[in-house]
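These notes concern the structure reproduced below.
The values are calculated or read from the model by the stated rules, or taken from the named source; none is laboratory data. If you're wondering where the values come from, they're calculated on a predicted model, not measured in any experiment. Here Cβ is always computed from backbone atoms with ideal geometry, including for glycine, and neighbour counts include all displayed protein chains.
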Ligand code: SF4
């Protein structure tokens, strides 16, 4: 049975206690289902997961493994990467149209052999170039050959995992590259203003022992030196099973994660204010974008790929551990590729192979009405726009204030949320308390579960 999950302020999934048996009508999935689903999407974003890093960071709970490297890059004959390429190729054939957006993440995609990267981009662009193409990289993997892809317009956005400019903080979280001087040199060499592509910098805040002003100081230095178009600022999350979690629990009596949290949100409030003072709009709890030009305009350097997730539009994840959400026949299917490199590469179906590349190595299940509602609340409330009330009513066949009368009114009364004629969004206080608010909402839904229709209307997802 599916366990409901909460998306925390830090941007990671946390398990909640909600469970349900209310099901969508079954789509009767078989080994050809994924291929059929891909072919049937009216729009589709593509996520490519490169599951390799030089070594594991202490806080990392993403699916990635240490690199079988040759000259600093992944061996071009790597069987996992070969299957990824096959699947991108097959997905492009099945979909038959340009992908809406394409995001190459990981792991550290900066480790991709550049010829393989070129092949990935070519396969993803078989029917035309995606509207936005992004790549992640660790700073130490950024070199002139990767910048060429950006400067030539083959890739639009680079997301660089800086995390901190303090050696002490990088070492505390066990970052696999912890030399701030080298990070500064790399930024100065490759990322100076005047570039023709978009730059995002990832930072982590809430590191044990980190002073409140340190993230703001990192932001100032990064903004002064490279003026990034976008900032992603995540609160450190110490996940069970990670080396960081084990380290903190090795203290006599252990350290409770709550002890490390800044419950008042003082640190986050300061950071959000600091970003706004520098002209960055917080369009999602952890994401901030600058205006497209210096002119007064409402267009910002947002990440369109990530906006696809928050709007719950269809996306296909390729690579071990990657997830997808695809729609068909009034159902939303959640698909997950195996979290296992050798099995993933063993299942190579190949172009034209028996059953095709997507026939094995995936878990697929239909989301229930309740799961879809939970995700809609989680994703929608993270964005500055919030939930669109008319869309909500169309999907769930009930207005939000009828489905959630108590929490809806309480959030407005306590000024944790504001509403306009067609939106319901969290205020700053609400964003700080988003997890508590979501739990309250889920508990209220539990009480009014009978109101929730089993056959919800997913066409509304595509009409905004
Ligand atoms: S580079 Fe990213 S994906 Fe790789 S181990 Fe570090 S945090 Fe995890």
Inset, instruction - Consider residue 61 carefully, then state whether it is within 16 Å of the ligand (Cβ to nearest atom), part of a strand (DSSP E or B) and assigned by TED's automatic domain parsing to the domain that holds residue 237. - result: no
Inset, instruction - Look through region 26-58, keep the residues that are without any contact (Cβ under 8 Å) to a residue 60 or more places away in the chain and assigned to a loop (DSSP other than H, G, I, E, B), and return whichever of them is nearest to the ligand (Cβ to nearest atom). - result: 30
Inset, instruction - Take region 264-283 and flag every residue that is at pLDDT 95 or above, farther than 14 Å from residue 234 by Cα and assigned to a helix (DSSP H, G or I). - result: 273, 274, 276, 277
Legend entry - Of all residues in region 174-214 being at positive phi and within 16 Å of the ligand (Cβ to nearest atom), the one that is modelled with the highest pLDDT: 174
Inset, instruction - Read through the list (1) within 15 Å of the ligand (Cβ to nearest atom); (2) in contact (Cβ under 8 Å) with a residue 40 or more places away in the chain; (3) in a loop (DSSP other than H, G, I, E, B), then give the number of the only condition that residue 161 fails. - result: (3)
Inset, instruction - Among the numbered conditions (1) over 30 Å from residue 280 (Cα atoms); (2) in contact with a helix residue (DSSP H, G or I) (Cβ under 9 Å, 6 or more places away or on another chain), tell me where residue 426 comes up short. - result: (1)
Inset, instruction - Would you be able to tell me the number of residues in region 191-201 that are within 16 Å of residue 108 (Cβ to Cβ) and in contact with a helix residue (DSSP H, G or I) (Cβ under 7 Å, 6 or more places away or on another chain)? - result: 1
Inset, instruction - Please go through region 64-79 and pick out each residue that is within 15 Å of the ligand (Cβ to nearest atom) and on the phi < 0 side of the Ramachandran plot. - result: 64, 65, 66, 67, 68, 69, 74
